[in-house]
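The values are calculated or read from the model by the stated rules, or taken from the named source; none is laboratory data. What you see is a predicted model, and the numbers here were worked out from it, not measured in a lab. Every residue, glycine among them, receives a Cβ derived from its backbone with ideal geometry; neighbour counts consider all protein chains shown. Please note that ligands, DNA and RNA were not included when accessible areas were found on the heavy atoms of the full protein model with its side chains. Shrake-Rupley method; radii C 1.70, N 1.55, O 1.52, S 1.80 Å.
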Amino acid sequence: MSRGALQPSQQKLAEKLTILNDRGIGMLTRIYNIKKACGDPKAKPSYLIDKNLESAVKFIVRKFPAVETRNNNVTQLQKEKSEILKNLALYYFTFVDVMEFKCIFSTIQTVNFDLTKNYLDLVVTYITLMMLLSRIEERKAIIGLYNYAHEMTHGSSDREYPRLGQMIVDYENPLKKMMEEFVPHGKSLQDALVSLQMVYPRRNLSADQWRNAQLLSLISAPSTMLNPAQSDTMPCEYLSLDTMEKWIVFGFILCHAALNTDPAALSLWKLALQSNSCLCLFRDEVFHIHKAAEDLFVNIRGYNKRVNDIRECKESALSHAGSMHRERRKFLRSALKELATVLADQPGLLGPKALFVFMALSFARDEIIWLLRHADNIQKKSTDDFIDKHIAELIFYMEELRAHVRKYGPVMQRYYVQYLSGFDAVVLNELVQNLSVCPEDESIIMSSFVNTMTSLSVKQVEDGEVFDFRGMRLDWFRLQAYTSVSKASLGLADHRELGKMMNTIIFHTKMADSLVEMLVETSDLSIFCFYSRAFEKMFQQCLELPSQSRYSISFPLLCTHFMSCTHELCPEERHHIGDRSLSLCNMFLDEMAKQARNLITDICTEQCTLSDQLLPKHCAKTISQAVNKKSKKQTGKKGEPEREKPGVESMRKNRLLVTNLDKLHTALSELCFSINYVPNMMVWEHTFTPREYLTSHLEIRFTKSIVGMTMYNQATQEIAKPSELLTSVRAYMTVLQSIENYVQIDITRVFNNVLLQQTQHLDSHGEPTITSLYTNWYLETLLRQVSNGHIAYFPAMKAFVNLPTENELTFNAEEYSDISEMRSLSELLGPYGMKFLSESLMWHISSQVAELKKLVVDNVEVLTQMRTSFDKPDHMAALFKRLTSVDSVLKRMTIIGVILSFRSLAQEALRDVAMNVYELSSAAGLPCEIDPALVVALSSQKSENISPEEEYKIACLLMVFVAVSMPTLASNVMSQYSPAIEGHCNNIHCLAKAINQIAAALFTIHKGSIEDRLKEFLALASSSLLKIGQETDKTTTRNRESVYLLLDMIVQESPFLTMDLLESCFPYVLLRNAYHAVYKQSVSSSA
């Protein structure tokens, strides 16, 4: 057939339809964005809301499309004309493009059966475009402003303005105008629409009809499971129901005469009106079909019956459409679940049953969009039909099917490449050979189809070759155009088998090269981008329903669809939609992680409560009951319920009994399934990892929980015992460890990050840690009460113990400082935390030493004389009376001793805990003769104004001061030595540690001889104490023997002094008698 036989309007019809449909969507996108911008006060062009231009804008709109530039109302535009031209150009030329699109569309009014889809798509796009244009209220103002600015600048109107202005005026009521426009083409449009009578009713069935037909089921007929899914109308099987309904509703509005003459047309029209209350124009712009149709038909003579039909259909839609679609969604949930499960087990079935997959996706997509559209726009009679709490499940199975298609794409390619080369090519060749008439051009195209398919091989799939059959599909489109015109030698209407076969082949080529495009065509849900509020509400409903939370990942996955709704004709919206997809995806994943974190926290709280029941303090009552029972003592009231023992919660008498912990674990496993569903997802070239959201939230919550479990109250200075906190932390960690059973996350990394931060003074957020809380509590509460005389250090018990006083303390010191508690503290704080505690203690010691040095400086002359006069008793006595602040020196040295004793307990506990890890122990500081931490703390005190020699002298005199002050301790009532505690109640036994360690540190700093200085100290102390042996005043010598024992303690504590040296200064017989006296006194006082 010669191409010259084609009419001008039929030439390149295939190409025109393809290009115009794509361009129409681009134009819709731009007009939609202009409408949204004009509807948003923040985005609206500033000239439309400028108060100075308000009168000009009103004048332009009133006179539109006439132009009167000399009117006083528009003179203020002169100043702004260049800016108006610049800023409104994009808007103006978009309207011009719409006009050009309209003009081109009017040239394509020839239609035939096989080009129906593309033609009807174009008609609907055209109608939608003109309707959206009429919804832009500011269209006249924008076009008029631009043209006035153009006239003022160039002296004449824009050349497109007269036609554009007239189009805007003509299409004030777009549907009415287009009804007139389409009168000449009504017959061709009617024929196209009536051709849907075999397709649309078959798609618009009830859920019961689907169920009875076992639609989409692979296992309903096992014998045919491997047979390829076939249909005479392959492309129509997955055609969007929403699209068909738009064709029918808009099409029959334009060619409404057919409704009065053709029963088939009326049947299609009524069925579409009964299924919907509104249709999607574009994105979230909807068209209320019943009201619009009624408004149009009510003014047409003889259409009363059609108006009544519309009202009946509206009532039917409001009453029954909601429940019908609800039941469809219910059916599709189970159908898609079955399909996804079977294909996950046998992905090879994706080959023969690919059509089922795309039908399922298309059906589900239509139902979801219907619900979204109606839930947001319709006044409902029954709201239950428009609230679907199980929508997430349907979306999830759609995503699962999409994932199967993407994952097993090569399997499908392999199947269809063999299908095309081994079956389709052979059948098509036979059909072509049997054609009675086949013109040369058509024969060339047909032969190229056969050759293309015959040349395919599986090796191409295995080698990863990229297939591209777009040319072949366009050739088939062209062939349909050539063979469907009235004068064609080869008419497709006479060779239906050829048409069916080619439609099937086209589907098979798409399976080989366009799987991603097919997924977008059948299951794109990017419309959610424009229903953000409804989208977020559905997500919240999903999280609130435990049975649906496992499907919550479908919402972040939907965000990956959003970029598919962008168009190259409107590149400026890419960033806006991209940002929205990122923010929504981030919000959804964050909320999912928060929900999981809250469930985990609740489980941890329950487990901590159970662990708390096993603490030793709770067994006292049980032991008491057992003892009383043994001695047959009756305690308590009769009928008092027996206390439940720990573990009773695990005893189940009834399988149906569900505890709160069971519910929490169930909810957590469901939600974790969702978080663990995909390792990561790509949204607008950004990678999201759901598990990392959970890890991040667990780290933050674990940190807060550890600090919270210390129960530190700054007002009352209360804090949890280290052992109880350790028990709670271990219970918490056990629960967190179990999370690895649900989600593939590295919980050890969480522990390392959190617990290591807790060994520092502040965590990564600058918040206090358990290290800072406990350090502060032990220094400011426990040790402060020691220095106040309310607590004493008992060496025999290696603990601090409360002393009986008038004001009872709010805590029991022993419960915070015994060996087990200090070991627990070491485990919690670790070597780094204990190092911080040690440094804080050293800072307090250095503060006390600084004060002591000041006291030495105040008494330097007297101390210098006393240092050389220890063999002159009378002179020493006279000098001693001149000393000031003697009690302060001893008190401060005692405080230093107490702090060093506490540090010794802490270091010993750390060694017990970390004895197997040499590096950790050495980092924390193993014991040695000279304490390096104390040396570092005291060396930082060197004064700039004092010479090293003077510093050394002060250090020596400090030891002299302490030595000569010791006799005054004998007069203190609290200085009595207690053999039971191996110490004194006023903690003066701690002086031994203080004297030795301070001397060792000071003389290491000043490079003096530690041994010589301690010998000097021993000589001075001995002579001073021997003097009180000659005293007769009982008050002065009240606890003389107890103070004598300090010399023995000092020597025992010191690595530099020996008993021989002590013997040379202080007779051992006095020490022996002192021990005998204090033990005898202890026995008599206890008796």
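How long are the three semi-axes of the equivalent ellipsoid of the range 322-436, in whole Å, if each is the root of 5 times an eigenvalue of the C-alpha gyration tensor, listed from largest down? Walk me through the numbers before you get to the answer.
On the way: eigenvalues 278, 69, 19 Å².
Semi-axes (√(5λ), whole Å): 37, 19, 10.
Test of understanding: what is the full-extension gain from Ala221 to Ser847, defined as 0.36 nm times their sequence separation minus their Cα-Cα distance?
Working it through step by step, the gained length comes to 216.4 nm.
Of all aspartates and glutamates in the structure, the ones whose alpha carbon falls short of 16 Å from that of Lys35, not counting any fewer than 8 places away in one chain, are Asp97, Glu137, Glu138, Glu172, Asp284, Glu285, Glu572, Glu573. Of all lysines in the structure, those lying under 24 Å Cα to Cα from Lys459, and not within fewer than 8 positions of it along the same chain, are Lys353, Lys407, Lys510. With all protein chains kept in place, the per residue accessible area of the range 989-1033 amounts to 33 square angstrom at a probe of 1.4 angstrom.
Run the numbers for Lys630 and Ala66: contour at 0.36 nm per residue of separation, minus the present Cα-Cα distance, in nm.
Working: separation 564, 0.36 × 564 = 203.04 nm, distance 11.17 nm.
Contour length minus Cα-Cα distance gives 191.9 nm.
Helix 1068-1086 and the long axis of the chain differ in direction by around 70°, with both axes built from C-alpha atoms.
Taking the longest Cα principal axis of the chain as reference, the axis of helix 139-154 is set at about 80 degrees. Centre-to-centre separation between the Cα atoms of the range 1063-1087 and those of the range 214-279: 111 Å. Checking the Cα-Cα distances for Lys798/Lys891; Lys621/Lys721; Lys594/Lys617; Lys42/Lys86; Lys854/Lys881; Lys854/Lys1007 against a 28 Å cut-off, the pairs over it are Lys594/Lys617. For the pair Leu656 and Glu685, a Förster radius of 56 Å applied to the C-beta separation gives a FRET efficiency near 0.65, rounded to the nearest 0.05.
In the range 696-757, the portion of solvent-accessible area held by carbon and sulfur atoms comes to 51 percent [1.4 Å probe, whole percent, DNA, RNA and ligands not counted]. Pairs over the 29 Å Cα-Cα cut-off, from the set Lys176/Lys537; Lys63/Lys177; Lys140/Lys187; Lys645/Lys835: Lys176/Lys537; Lys140/Lys187; Lys645/Lys835. Sequence neighbours fewer than 8 away in the same chain don't count; with that in mind, list the aspartates and glutamates whose C-alpha is under 13 Å from Lys314. Within the straight-line limit of under 13 Å, Lys314 reaches these aspartates and glutamates: Glu294.
On full extension, the segment bounded by Gln865 and Gln166 gains 239.9 nm, given 0.36 nm per residue less the C-alpha separation.
The alpha-carbon positions of the range 964-1081 define a convex hull whose volume is 95 Å³ per residue.
Matching the structure-derived Rg and Dmax of the Cα atoms in Å against the labelled list (1) 50.5, 166; (2) 38.9, 132; (3) 46.4, 147 gives the label (3). Once the C-beta distance of Glu100 and Arg202 is scaled by a Förster radius of 45 Å, the resulting FRET efficiency is 0.70 to the nearest 0.05.
Judged by the gyration tensor of its Cα atoms, with axes a ≥ b ≥ c, the range 375-428 is prolate; a/c meets the 1.5 cut and a/b is the larger of a/b and b/c.
Compute the FRET efficiency between Arg211 and Ser316 as 1/(1 + (r/R0)^6), taking r as their Cβ-Cβ distance and R0 = 22 Å, and round to the nearest 0.05. Working shown, then result.
Details: r = 22 Å, r/R0 = 1.00.
Efficiency, rounded to the nearest 0.05: 0.50.
Which distance in nm do the two modelled labels at Glu572 and Ser188 give, with both placed 7 Å along the Cα-to-Cβ direction? The two pseudo-label positions are separated by 3.6 nm.
Relative to the longest principal axis of the Cα atoms of the chain, the long axis of helix 747-758 lies at roughly 50 degrees.
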